[in-house]
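Enquirer: The following block contains the structure, expressed as structure tokens.
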Amino acid sequence: MPGALLPLFPLGVVLFPRTDLPLHIFEDRYKKMIGEVLESTREFGVVLTMEKGIASVGCTARITNVTKTYDDGRMDIETTGYRRFEVEQLDEEEDYLRGRVEFFDDEDGTPPVEANTAKAIRGYYAMRALPSGQHLPEPRLNDPQLSFQLAQAVTSVNVRQVLLMSKSEAERIKRLAEYFPASAERERRLEHFRTIIPRNGHARLLPSS
């Protein structure tokens, strides 16, 4: 889509290529945006909302299915991440944000270290085995950019954004291999605390006056 303005959807999530993202569309400006996307079969960009604006790097989403439409124009849609981009210029002439973007892919073709790949895969399944990870899908292990499949288990949006921006599969796999053990242990401790606090807590709600 050279030279075209890409519709942008700022969200509190980071989307990766070839991963799924269901969305409920309810704001008028985004109902308009998605309606136009559906008519033109174009992509729209998902960008992370930040404290002072939006992230400069995002991933396009393609609508794969409209699962439900409501009388007031709201929609439930299924989307899949497609390709990464960097925002070069923003345009605010429409009700929704658009951007002139530059698409990119990996530049470093160095293959990941096998031990890091194996560790990252084990880490993903360790996260998936936790109660908090039961929503995680079975990763497509034959994906040439396996890191994006495994990154679905990353809970930190900041870490996810760093992975999205990286142009090296080897670097992403290495980061995941380092991230998952500590993250899984942290999640296990949190789930343990959630289990024992209701039993051992000494605070109680005061009765309403």
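Enquirer: Considering each of Gly109, Gly123, Gly73, Gly81 in turn, give the residue that is small (Gly, Ala, Ser) and on the phi > 0 side of the Ramachandran plot.
Expert: Working: Gly109 fails: on the phi > 0 side of the Ramachandran plot; Gly123 fails: on the phi > 0 side of the Ramachandran plot; Gly81 fails: on the phi > 0 side of the Ramachandran plot.
Going through Gly109, Gly123, Gly73, Gly81 in turn, the sole match is Gly73.
Enquirer: Out of all the residues in the stretch 89-132, which are surrounded by 13 or more Cβ atoms within 10 Å (Cβ to Cβ), in contact (Cβ under 8 Å) with a residue 12 or more places away in the chain and either assigned to a helix (DSSP H, G or I) or of a type in the set (S, T, N, Q) (or both)?
Expert: Those that are surrounded by 13 or more Cβ atoms within 10 Å (Cβ to Cβ), in contact (Cβ under 8 Å) with a residue 12 or more places away in the chain and either assigned to a helix (DSSP H, G or I) or of a type in the set (S, T, N, Q) (or both): Asn116, Thr117, Lys119, Ala120, Ile121, Arg122, Gly123, Tyr124, Ala126, Met127, Arg128, Ser132.
Enquirer: Within the stretch 8-25, can one find any residue that is surrounded by 17 or more Cβ atoms within 10 Å (Cβ to Cβ), in contact with a helix residue (DSSP H, G or I) (Cβ under 7 Å, 6 or more places away or on another chain) and closer than 16 Å to Tyr96 by Cα?
Expert: Checked against the condition, which is being surrounded by 17 or more Cβ atoms within 10 Å (Cβ to Cβ), in contact with a helix residue (DSSP H, G or I) (Cβ under 7 Å, 6 or more places away or on another chain) and closer than 16 Å to Tyr96 by Cα, the stretch 8-25 yields at least one hit.
Enquirer: Arg42 passes all but one of (1) at pLDDT 95 or above; (2) out of contact with any Asp or Glu (no Cβ under 6 Å at 6 or more places or on another chain); which number fails?
Expert: (1)
Enquirer: Among the residues of the stretch 32-41, is there at least one that is within 20 Å of Glu86 (Cβ to Cβ) and either free of Cβ contacts under 8 Å to residues at least 24 places away in the same chain or assigned to a strand (DSSP E or B) (or both)? Spell out the reasoning first.
Expert: Kept after step one, since they are within 20 Å of Glu86 (Cβ to Cβ), are these residues of the stretch 32-41: none.
Checked the stretch 32-41: no residue is within 20 Å of Glu86 (Cβ to Cβ) and either free of Cβ contacts under 8 Å to residues at least 24 places away in the same chain or assigned to a strand (DSSP E or B) (or both).
Enquirer: Something else about it: Answer with yes or no whether Gln134 is within 17 Å of the chain's Cα centre (by Cα), modelled with pLDDT under 95 and assigned by TED's automatic domain parsing to the domain that holds Glu178. Don't jump to the end; show me each part of the working.
Expert: Numbers: within 17 Å of the chain's Cα centre (by Cα): yes; modelled with pLDDT under 95: yes; assigned by TED's automatic domain parsing to the domain that holds Glu178: yes.
For Gln134, the condition - within 17 Å of the chain's Cα centre (by Cα), modelled with pLDDT under 95 and assigned by TED's automatic domain parsing to the domain that holds Glu178 - is met.
Enquirer: OK, next. Hey, among Leu146, Leu164, which residue is modelled with pLDDT of 95 or more, within 20 Å of Ala184 (Cβ to Cβ) and among the aliphatic types (A, V, I, L, M)? I'd like the intermediate steps shown before the answer.
Expert: Numbers: Leu164 fails: within 20 Å of Ala184 (Cβ to Cβ).
Matching residue, one of Leu146, Leu164: Leu146.
Enquirer: Taking the condition crowded, with 16+ Cβ neighbours inside 10 Å and at pLDDT 95 or above, does Lys174 pass? Before the answer, list the steps.
Expert: Working: crowded, with 16+ Cβ neighbours inside 10 Å: yes; at pLDDT 95 or above: yes.
Yes.
Enquirer: Looking at the stretch 138-161, which of its residues are under 10 Å from the mean Cα position of the chain (by Cα) and either under 20 Å from Asp108 (Cα atoms) or charged (D, E, K, R) (or both)?
Expert: Those that are under 10 Å from the mean Cα position of the chain (by Cα) and either under 20 Å from Asp108 (Cα atoms) or charged (D, E, K, R) (or both): Phe148, Ala151, Arg160, Gln161.
Enquirer: Of everything in the stretch 162-183, what is within 15 Å of the chain's Cα centre (by Cα) and assigned to a loop (DSSP other than H, G, I, E, B)? Give them in sequence order.
Expert: Within the stretch 162-183, just Ser166 meets the criteria.
Enquirer: Here is a follow-up. Which residue pairs have Cβ atoms under 7 Å apart, sit 6 or more places apart or on different chains, and have a first residue in the stretch 170-185 that is under 10 Å from Ala151 (Cα atoms) and a second that is among the hydroxyl-bearing types (Ser, Thr, Tyr)?
Expert: Arg172/Ser147; Arg172/Ser166; Ile173/Thr117; Ile173/Ser147; Leu176/Ser147; Phe180/Tyr124
Enquirer: When you look at Val101, is it closer than 14 Å to Leu15 by Cα and modelled with pLDDT of 95 or more, yes or no?
Expert: no
Enquirer: Okay, next question. Quick check: is even one residue across the stretch 49-71 outside any strand (DSSP E or B) and more than 26 Å from Ser156 (Cα to Cα)?
Expert: Residues of the stretch 49-71 outside any strand (DSSP E or B): 51-52, 55-56, 70-71.
In the following step, the residues that additionally are more than 26 Å from Ser156 (Cα to Cα) were identified as 70-71.
Looking for residues that are outside any strand (DSSP E or B) and more than 26 Å from Ser156 (Cα to Cα), one finds at least one in the stretch 49-71, hence yes.
Enquirer: If Gly35 passes every condition in (1) surrounded by 15 or more Cβ atoms within 10 Å (Cβ to Cβ); (2) in contact with a Gly (Cβ under 9 Å, 6 or more places away or on another chain) but one, which one does it miss?
Expert: (1)
The values are calculated or read from the model by the stated rules, or taken from the named source; none is laboratory data. Everything quoted here is computed from the prediction, not taken from an experiment. Cβ: placed from backbone, ideal geometry, glycine included. Neighbour counts: every protein chain shown.
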